[in-house]
Amino acid sequence: MKLLRYGEPGKELPGVLDPDGQIRSLANVLPDLSGEALCDESLQRLRKQDFSALPLVEQGMRLGPCVAGTSKIIGIGLNYADHAAETGAKVPTEPVLFMKATTSISGPNDPIEIPRDSEKTDWEVELGVIIGKRAKYVTEQDAISHVAGYCVVNDVSERSFQKDRCGTWDKGKGCDTFAPLGPWLVTRDEVPDPQDLLLWLEVDGHRYQNGSTSTMIFGVKSLVSYVSQFMTLVPGDIITTGTPPGVGMGQQPNVFLRPGQTVRLGVESLGEQDHQTVAAK
């Protein structure tokens with residue numbers, strides 16, 4: 001299934017994409033795409049719905065983030081060897097973890113804000129893993145059973161905040177609108193191999209990133225298990241799994257975002273995002 005949320009920011013309702021590509025409302029079926037709604041049992045019940053009997057959502061409705069109730073976003077840094085090389089970093093021997101603020105979450109077509117005093121706002125197309133079942137000290141063998149599904153994430157990053165302003169990466173990763181999610185939460189049964197998906201991103205029509213999740217250093221199973229050794233993952237939590245090469249800081253000379261640009265990105269089978277960049281107010 002391709003699940004989604006639609007409506008005004010803060011007032012989104014749950015929906016589903018029907019076989020004809022039309023959006024159907026789930027507002028009378030479940031309260032939101034969060035918590036228990038993401039567990040296997042709930043998703044199995046949802047699959048039995050007659051989607052053609054659900055109300056159609058009018059065309060042009062804004063799409064919101066594809067999951068609600070997220071308690072944390074765990075980012076994975078330097079998870080593609082060629083991306084590590086372009087940033088001048090060593091290939092990590094264990095996953096590099098950082099956190100993104102939940103206030104950075106936005107919709108798949110919402111504007112990306114260039115923060116005040118930003119000099120180096122950058123892009124990162126990534127595969128997002130959405131947790132559906134509580135995970136604590138899980139093994140790699142059991143890890144996928146804790147996953148509800150997958151989505152497109154743009155791990156927008158301000159490099160000067162991240163690297164030049166002291167401390168951890170978080171302040172360069174957690175600015176408002178720096179975690180667009182969606183358009184869809186694609187349930188894991190529709191993604192038989194998350195390590196075989198193409199990713200791409202372009203700015204103003206120029207393709208900067210082309211990659212595949214097959215070149216991850218640490219795969220999805222490994223990451224879910226690894227993160228669960230340090231913190232409990234709960235339904236709605238997101239692991240954003242790293243980016244392939246082609247980020248702005250890897251260009252010669254560097255290329256960074258400025259207001260008035262168009263950023264498009266996608267992950268195979270998971271949909272596309274389309275953003276305009278604007279100056280933060």
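In region 70-84, which residues are in contact with a helix residue (DSSP H, G or I) (Cβ under 7 Å, 6 or more places away or on another chain), in a loop (DSSP other than H, G, I, E, B) and under 16 Å from GLY246 (Cβ atoms)? LEU78 - this is the single residue of region 70-84 that is in contact with a helix residue (DSSP H, G or I) (Cβ under 7 Å, 6 or more places away or on another chain), in a loop (DSSP other than H, G, I, E, B) and under 16 Å from GLY246 (Cβ atoms). Of all residues in region 85-102, those satisfying the criterion of being assigned to a loop (DSSP other than H, G, I, E, B) and either under 14 Å from the mean Cα position of the chain (by Cα) or surrounded by 15 or more Cβ atoms within 10 Å (Cβ to Cβ) (or both) are PRO92, PRO95, ALA101.
Quick grid of which residues meet (1) within 18 Å of ASP193 (Cβ to Cβ); (2) in contact with a strand residue (DSSP E or B) (Cβ under 6 Å, 6 or more places away or on another chain); (3) of a type in the set (Asp, Glu); (4) surrounded by fewer than 22 Cβ atoms within 10 Å (Cβ to Cβ):
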| site | (1), (2), (3), (4) |
| --- | --- |
| PRO111 | no, yes, no, yes |
| ILE114 | no, yes, no, no |
| SER118 | no, yes, no, yes |
| GLU126 | yes, yes, yes, no |
| ILE131 | no, yes, no, no |
| ARG134 | no, no, no, yes |
| SER145 | yes, no, no, yes |
| ALA148 | yes, yes, no, no |
| VAL152 | yes, yes, no, no |
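Residue pairs whose Cβ atoms lie under 8 Å apart, sitting 6 or more positions apart in sequence or on different chains, and linking a residue in region 12-31 that is touching a residue at least 12 places away in the same chain (Cβ under 8 Å) to a partner that is surrounded by fewer than 16 Cβ atoms within 10 Å (Cβ to Cβ) and in a strand (DSSP E or B), are GLN22/LEU56; ILE23/LEU56; ARG24/LEU56; SER25/LEU56. Has region 31-49 got any residue that is assigned to a loop (DSSP other than H, G, I, E, B), among the small types (Gly, Ala, Ser) and closer than 20 Å to GLN273 by Cα? Checked against the condition, which is being assigned to a loop (DSSP other than H, G, I, E, B), among the small types (Gly, Ala, Ser) and closer than 20 Å to GLN273 by Cα, region 31-49 yields no hits at all.
If you go through region 249-260 one residue at a time, do you hit one that is surrounded by fewer than 19 Cβ atoms within 10 Å (Cβ to Cβ) and under 18 Å from the mean Cα position of the chain (by Cα)? So far as region 249-260 goes, no, none of its residues is surrounded by fewer than 19 Cβ atoms within 10 Å (Cβ to Cβ) and under 18 Å from the mean Cα position of the chain (by Cα). For region 232-241, the criterion of being in contact (Cβ under 8 Å) with a residue 12 or more places away in the chain, surrounded by fewer than 24 Cβ atoms within 10 Å (Cβ to Cβ), of a type in the set (S, T, N, Q) and closer than 18 Å to THR102 by Cα is satisfied by at least one residue. Take GLN276 and decide whether it is under 18 Å from GLY182 (Cβ atoms) and surrounded by fewer than 18 Cβ atoms within 10 Å (Cβ to Cβ). Against the criterion (under 18 Å from GLY182 (Cβ atoms) and surrounded by fewer than 18 Cβ atoms within 10 Å (Cβ to Cβ)), GLN276 qualifies.
Bear in mind that the values in this text are calculations on the coordinates, not laboratory data. Worth saying up front: this structure is predicted, and the values here are computed from it rather than measured. Counting neighbours? That spans all protein chains shown, and the Cβs are built from the backbone with ideal geometry, glycine included.
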